[in-house]
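Working notes for the structure below.
Values quoted throughout were computed directly from the atomic coordinates according to the rules given, and no laboratory measurement underlies them. Bear in mind that the values here come from a model prediction, so they are computed numbers and not experimental data. Positions of Cβ are backbone-derived with ideal geometry, glycine not excepted, and every protein chain shown enters the neighbour counts.
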C-alpha cells in the first residue's frame, strides 16, 4: 500500500524541520491549495514526478535509524494520500523514529485519524493569513466541492488546541499579500497556541506566482510578531538573522 505514495523529494538530514531533533524530511506530491507564494510549485499537481519509492525511502531510513531521531512528512499536502500515508507512517514508527506532520489543515479528518492511531508526535500547521482573506492566500475560494476552506481550517485548529499533541502554527509573511490586519486577526484567532512562527517570504525562481511579492523587513516582522504575542505563549521569527 505505501508504495502508492508519491514521494517527490527527500532531505536526508535536517536540524531545522523538526524542532530539537535530527531528522530526515520526506516531500509528498500533490496539494489541494495553490498558494501563490509556494516554494514547491513543481510538486503540487497530479503530474508531479516521484523521486523514489516508499520502499527505497524506508530502506534509507532503516540504515540511518541509529543516527536520525525523527522524520518530517511535508509536501505538497501529505494528507491527500491518507491510506498510503498511514501505511508509510506505520513503517516509520516500526523503525523507532518520531514523526512530524506538516499540514495546511485542509483535511481535518485525516489528521485526526492519524493521531488516533498514535502515528503523530508533532504537528506543524500553516496559518496562511487572517480569516478575512484566507481563501485568497490559499489561491482558491473553496475546495472539496462547495465546502468553504475556513470550515476545514477552523476544525483542524480547534482540534489541535485540544489534542494534547505538541504542535506549532506558522505563517509565511509575504509583502504584496499580507498586511498588518492579517496578524491583528491571527493573534486572537490562534489564542492559546504554544508556539507560533513568522517566516519571511523568500523570492526565488521556484515560487508559484511571484508577481509583486517581496519579503518584509525585519522591523516589519517584529511588529507583526508583537501583534500576536499577547495571545500566544511563544512567538518568534524563523529564518531571520538576529
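Structure notes:
- Residues in the stretch 79-112 reached by a label modelled at residue 195 [backbone nitrogen below 14 Å; 7 Å Cα→Cβ]: 99-103
- Within the stretch 80-111, backbone nitrogen closer than 16 Å to the virtual label 7 Å beyond the Cα of residue 66 toward Cβ: 95-97
- Extension gain, residue 240 back to residue 220 (0.36 nm per residue minus Cα-Cα distance, nm): 6.0 nm
- Ranked by the mean number of other Cβ atoms within 10 Å of their residues, highest first, the peptides 232-240, 53-61 fall in the order 53-61, 232-240.
- Helix 54-64 and the longest principal axis of the Cα set of the chain meet at an angle near 90°.
- Whether the stretch 16-59 is rounded, prolate or oblate, judged on the alpha carbon gyration tensor where a/c under 1.5 counts as rounded: oblate
- Cα long-axis angle, helix 149-163 against the chain (0 to 90 degrees, to the nearest 10): 70
- Extending 7 Å from Cα along the Cβ direction at residue 181 and again at residue 87 yields two label points whose distance is 4.7 nm.
- Contour minus Cα-Cα distance for residue 1 and residue 55 (0.36 nm per residue): 18.4 nm
- Short-range pairs are left out: with C-alpha atoms under 8 Å and at least six residues apart, the relative contact order of the stretch 2-169 is 22 percent.
- Annotation: the residues 63, 112, sorted from fewest to most other C-beta atoms within 10 Å of their own C-beta, follow the order 63, 112.
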